[in-house]
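Chemist: Just passing along the structure, written as structure tokens.
The values are calculated or read from the model by the stated rules, or taken from the named source; none is laboratory data. The shown structure was predicted, so the numbers you read here are calculated from the model rather than taken from an experiment. Cβ atoms come from the backbone with ideal geometry, glycine included; neighbour counts cover every protein chain shown.
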Amino acid sequence: MYIRSGEWVTISSIKPIIKKYLKSLQARIFLFFILVGVIPVLLMRYAVLTNYESQAVEQKAQLLERQCQQILEQISESEYMHGNDSDQVDRLIDQMASLYSGRLILVNSNFRIIKDTYDIDVDKVIISEEVLLTFQGTNSTNYDEDNQFLEMTIPIVNDDSGETEGIMIISVPTVDIANGKAGISRIVLQLQSILTLLILGVAFYVSRILTRPFGKITQSLEDVAGVNDEEISIPDYTETQLLAEAYNRMLKRMKAQEDSRQEFVSNVSHELKTPITSMKVLADSLLAQEDVPVELYREFMGDIAEEVDRENKIISDLLSLVKMDKRSSDVHIEETNINQLIELVLKRLRPIAGTKNVDLVLESFKPILAEVDETKLTLAISNLIENGIKYNRDGGWVHVSLNVDSKYFYIRVDDSGIGIPEESQEHIFERFYRVDKSHSREIGGTGLGLAITRSAVLMHHGAIKVYSREGEGTTFTVRIPLKYVP
Ligand code: ADP
């Protein structure tokens, strides 16, 4: 616990701060640099020291062997191994031992020690793995790092016969190598410390520089959020530029959504106001006149009732549309007999078709069972068939056909009606869009029917298309998957 500006700062209150820092890209880049930079620096010390040691030992061994070879020649010439005393050889051996502050031993072919510069083991028998191997002609060099000495066993070969007459064992201390190693170790340690500090500095600097664009992004987003809807540009990295572009696209989409929402609200207000204005005009004109004849009252009240119906229709269509827009919680999917569903729709619409003298025909090829929301699909198909009847000519026809394959079922509604001009075809699914506003109003249209249909079809992950020729007729095709995917 420590105090900062009068308040207690506990370890537990620092923990989340550290956790947050470790989660940051800057911390990760910093740690990565340390890992990539510091570990090799640490390994470098080990590599340098072992490399130095092995080279120093090898050089020393080579030197020793070279010098021993000179003595060995003398030994061979003087038949020293066969019991011939030679002061010269003794002197050479003693000089060599004292030169290296080491010990030299000569072993004859009976494994008996005939010369020991320490004079401890003379006449003793020595049999070891190295000795046996050396008698077979193999030199051996042993470096004992812990006790700091180097031991070599060299065969003494008779120049004339080529026989191994004995072996020479020389063991010398390697304090010089250990000292050299300690010296190098100190230098490397200093170098390591400098390098580590340098890497820490570079890691800190680079991690800050690399993550600076992200700070810029946050700043840019904070600057534009809620205040204005300017587009942002952060070209520091490809990634940040892509992020900025994605943000700009999202901004555009949100703007479009906001525009469409505002347009919808103003359309709704306008549509709802129109019948009310008419009613107000009708009522005012009745009130303005005195002694209004009953027939006129009746006529105007009839008109007012019609406007009320219209208002009602707009409100119920709007409610249907809102329901379609809602998320899947409002969806009631059940396995439904589509043939029966369409037959019911046709049965309900037949009287209306009758009044317009329009022939209503159903053609279905196979029985269809599909997972659908019955109410929503019924509304969607009713709107299509109702339009076929509404925008038809006297004595025309509406042809509904049903089909199915392994994945989808298809509903097709053809009519012999007035058709839709080509330039209007892409707009008819928009809310409140009507090709001929007054004609649609006359026949009780709200401009919401196809928007409802499209929402219902999309809710089922289906597709709807329109084909039409002005004056000839219109075809709507709907494709819906048999299995509902939430
Ligand atoms: P409405 O309530 O006006 O019928 P819809 O959304 O159902 O609204 O249709 C939008 C417009 O598309 C209609 O006003 C009409 O002009 C046109 N339309 C829709 N269906 C047909 C059709 N079968 N034949 C000709 N025009 C159609």
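Chemist: Looking at Lys366, is it charged (D, E, K, R) and either assigned to a strand (DSSP E or B) or surrounded by 15 or more Cβ atoms within 10 Å (Cβ to Cβ) (or both)? Don't jump to the end; show me each part of the working.
Modeler: On the way: charged (D, E, K, R): yes; either assigned to a strand (DSSP E or B) or surrounded by 15 or more Cβ atoms within 10 Å (Cβ to Cβ) (or both): no.
Taking the combined requirement at face value, the residue does not satisfy it.
Chemist: What residue, among those in the stretch 435-477 that are polar (S, T, N, Q) and closer than 19 Å to Gly417 by Cβ, is surrounded by the fewest Cβ atoms within 10 Å (Cβ to Cβ)? Give the derivation first.
Modeler: Kept after step one, since they are polar (S, T, N, Q), are these residues of the stretch 435-477: 438, 440, 446, 453, 455, 468, 474-475, 477.
From the residues that got through so far, the ones that are closer than 19 Å to Gly417 by Cβ too are 438, 440, 446, 453, 468, 474-475, 477.
Numbers: Ser438: 8, Ser440: 18, Thr446: 21, Thr453: 25, Ser468: 21, Thr474: 25, Thr475: 15, Thr477: 17.
That would be Ser438.
Chemist: Which members of the stretch 258-307 meet the condition of being more than 60 Å from the chain's Cα centre (by Cα), at pLDDT below 90 and β-branched (Val, Ile, Thr)?
Modeler: Val292
Chemist: Go through the stretch 433-480 residue by residue and tally those that are in a loop (DSSP other than H, G, I, E, B) and without any contact (Cβ under 8 Å) to a residue 12 or more places away in the chain. Lay out the reasoning, then the answer.
Modeler: Step one: list which residues in the stretch 433-480 are in a loop (DSSP other than H, G, I, E, B), which gives 433-436, 443-448, 460-462, 470-472.
Checking the rest, the ones that are also without any contact (Cβ under 8 Å) to a residue 12 or more places away in the chain come to 436.
Final tally of qualifying residues: 1.
Chemist: Another question about this same structure. Condition first: in a loop (DSSP other than H, G, I, E, B), among the charged types (D, E, K, R) and exposed (fewer than 11 other Cβ atoms within 10 Å of the Cβ). Now tell me which residues in the stretch 109-139 satisfy that.
Modeler: Taking the stretch 109-139 as the starting set, the residues that turn out to be in a loop (DSSP other than H, G, I, E, B) are 109-111, 117-124, 126-128, 136-139.
Still in the list and also among the charged types (D, E, K, R): 119, 121, 123-124.
Passing the criteria: Asp119, Asp123.
Chemist: Anything in the stretch 222-256 that is aliphatic (A, V, I, L, M) and modelled with pLDDT under 80? List them, or say none. First the steps, then the outcome.
Modeler: Residues of the stretch 222-256 aliphatic (A, V, I, L, M): 224-225, 227, 232, 234, 242-244, 246, 250-251, 254, 256.
Once the filter is applied, which keeps residues that are aliphatic (A, V, I, L, M) and modelled with pLDDT under 80, the stretch 222-256 yields Val224, Ala225, Val227, Ile232, Ile234.
Chemist: Step by step: first the residues of the stretch 35-88, then only those that are in contact with an Asp or Glu (Cβ under 9 Å, 6 or more places away or on another chain), part of a helix (DSSP H, G or I) and small (Gly, Ala, Ser), then the one that is farthest from Thr196 (Cα to Cα). Which residue is that?
Modeler: Here the residue is Ser76.
Chemist: Something else now. Considering only residues that are surrounded by fewer than 17 Cβ atoms within 10 Å (Cβ to Cβ) and either part of a helix (DSSP H, G or I) or among the acidic types (Asp, Glu) (or both), which ones fall in the stretch 403-423?
Modeler: Asp405, Glu422, Glu423 - these are the residues of the stretch 403-423 that are surrounded by fewer than 17 Cβ atoms within 10 Å (Cβ to Cβ) and either part of a helix (DSSP H, G or I) or among the acidic types (Asp, Glu) (or both).
Chemist: Moving on. Within the stretch 381-392, can one find any residue that is touching a residue at least 12 places away in the same chain (Cβ under 8 Å), of a type in the set (Phe, Trp, Tyr) and farther than 28 Å from Val331 by Cα?
Modeler: Step one: list which residues in the stretch 381-392 are touching a residue at least 12 places away in the same chain (Cβ under 8 Å), which gives 381-392.
With of a type in the set (Phe, Trp, Tyr) added as a condition, the list becomes 391.
Now narrow it down to the ones that are farther than 28 Å from Val331 by Cα: 391.
Yes: one or more hits.
Chemist: For the stretch 392-402, which residues satisfy the criterion of being surrounded by 23 or more Cβ atoms within 10 Å (Cβ to Cβ) and within 9 Å of the ligand (Cβ to nearest atom)? Let's see the steps before the verdict.
Modeler: Our first condition is that a residue be surrounded by 23 or more Cβ atoms within 10 Å (Cβ to Cβ); within the stretch 392-402, this holds for 398, 400.
Scanning the stretch 392-402 gives a single hit, Val398.
Chemist: Restricting to the stretch 144-200, count the residues that are under 51 Å from the mean Cα position of the chain (by Cα) and not aliphatic (A, V, I, L, M). Don't jump to the end; show me each part of the working.
Modeler: Keep residues of the stretch 144-200 that are under 51 Å from the mean Cα position of the chain (by Cα), which gives 181-200.
From what is left, the residues that are not aliphatic (A, V, I, L, M) are 181, 183, 185-186, 190, 192-193, 196.
Selection size over the stretch 144-200: 8.
Chemist: Please work out which residue is modelled with the highest pLDDT, limiting yourself to the stretch 5-20 and to residues that are among the hydroxyl-bearing types (Ser, Thr, Tyr) and either under 18 Å from Gly201 (Cβ atoms) or outside any helix (DSSP H, G or I) (or both). First the steps, then the outcome.
Modeler: First, the residues of the stretch 5-20 that are among the hydroxyl-bearing types (Ser, Thr, Tyr): 5, 10, 12-13.
Narrowing further to those that are either under 18 Å from Gly201 (Cβ atoms) or outside any helix (DSSP H, G or I) (or both): 5, 10.
Numbers: Ser5: 48, Thr10: 68.
Ranking the qualifying residues of the stretch 5-20, first place goes to Thr10.
Chemist: Oh, and also: Can you name the number of the only condition in (1) within 18 Å of Val268 (Cα to Cα); (2) near the ligand (Cβ under 9 Å from one of its atoms) that Gly388 fails?
Modeler: Single failed check for Gly388: (1).
Chemist: Could you check Lys483 against (1) among the basic types (Lys, Arg); (2) in contact (Cβ under 8 Å) with a residue 60 or more places away in the chain; (3) within 8 Å of the ligand (Cβ to nearest atom) and say which number it fails?
Modeler: (3)
Let's see how each residue does on (1) outside any helix (DSSP H, G or I); (2) without any contact (Cβ under 8 Å) to a residue 60 or more places away in the chain; (3) surrounded by 11 or more Cβ atoms within 10 Å (Cβ to Cβ):
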position	(1), (2), (3)
Gln219	no, yes, yes
Ser233	yes, yes, yes
Leu242	no, yes, yes
Met250	no, yes, no
Lys255	no, yes, yes
Arg261	no, yes, no
Lys280	no, yes, yes
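Chemist: While we're on this one: Of everything in the stretch 425-434 that's more than 7 Å from the ligand (Cβ to nearest atom) and under 17 Å from Gly388 (Cβ atoms), which residue is surrounded by the fewest Cβ atoms within 10 Å (Cβ to Cβ)? Let's see the steps before the verdict.
Modeler: Step one: of the stretch 425-434, the residues more than 7 Å from the ligand (Cβ to nearest atom) are 425-427, 429-432.
Filter once more, so that each one left must be under 17 Å from Gly388 (Cβ atoms): 425, 429.
Details: Gln425: 16, Phe429: 18.
In this case the residue turns out to be Gln425.
Chemist: Filter the stretch 435-462 for residues that are near the ligand (Cβ under 6 Å from one of its atoms) and of a type in the set (Ser, Thr, Tyr); which is nearest to Thr475 (Cα to Cα)?
Modeler: Among residues in the stretch 435-462 that are near the ligand (Cβ under 6 Å from one of its atoms) and of a type in the set (Ser, Thr, Tyr), the one nearest to Thr475 (Cα to Cα) is Ser440.
Chemist: If you don't mind, another one. Does Asn339 count as away from the ligand (no atom under 16 Å from the Cβ) and in a loop (DSSP other than H, G, I, E, B)? Working first, answer last.
Modeler: Values: away from the ligand (no atom under 16 Å from the Cβ): yes; in a loop (DSSP other than H, G, I, E, B): no.
Taking the combined requirement at face value, the residue does not satisfy it.
Chemist: Let me ask you something else. Can you list residue pairs whose Cβ atoms sit under 7 Å apart, with the first residue in the stretch 329-355 being under 13 Å from Ile480 (Cβ atoms) and at pLDDT 95 or above and the second being surrounded by 12 or more Cβ atoms within 10 Å (Cβ to Cβ) and among the aromatic types (Phe, Trp, Tyr)? Count only pairs 6 or more apart in sequence or on different chains.
Modeler: The qualifying pairs are Ile338/Phe409.
Chemist: I need a count of the residues in the stretch 404-447 that are over 27 Å from Asp359 (Cβ atoms) and either in contact with a helix residue (DSSP H, G or I) (Cβ under 7 Å, 6 or more places away or on another chain) or among the aliphatic types (A, V, I, L, M) (or both).
Modeler: Number satisfying all stated conditions: 3.
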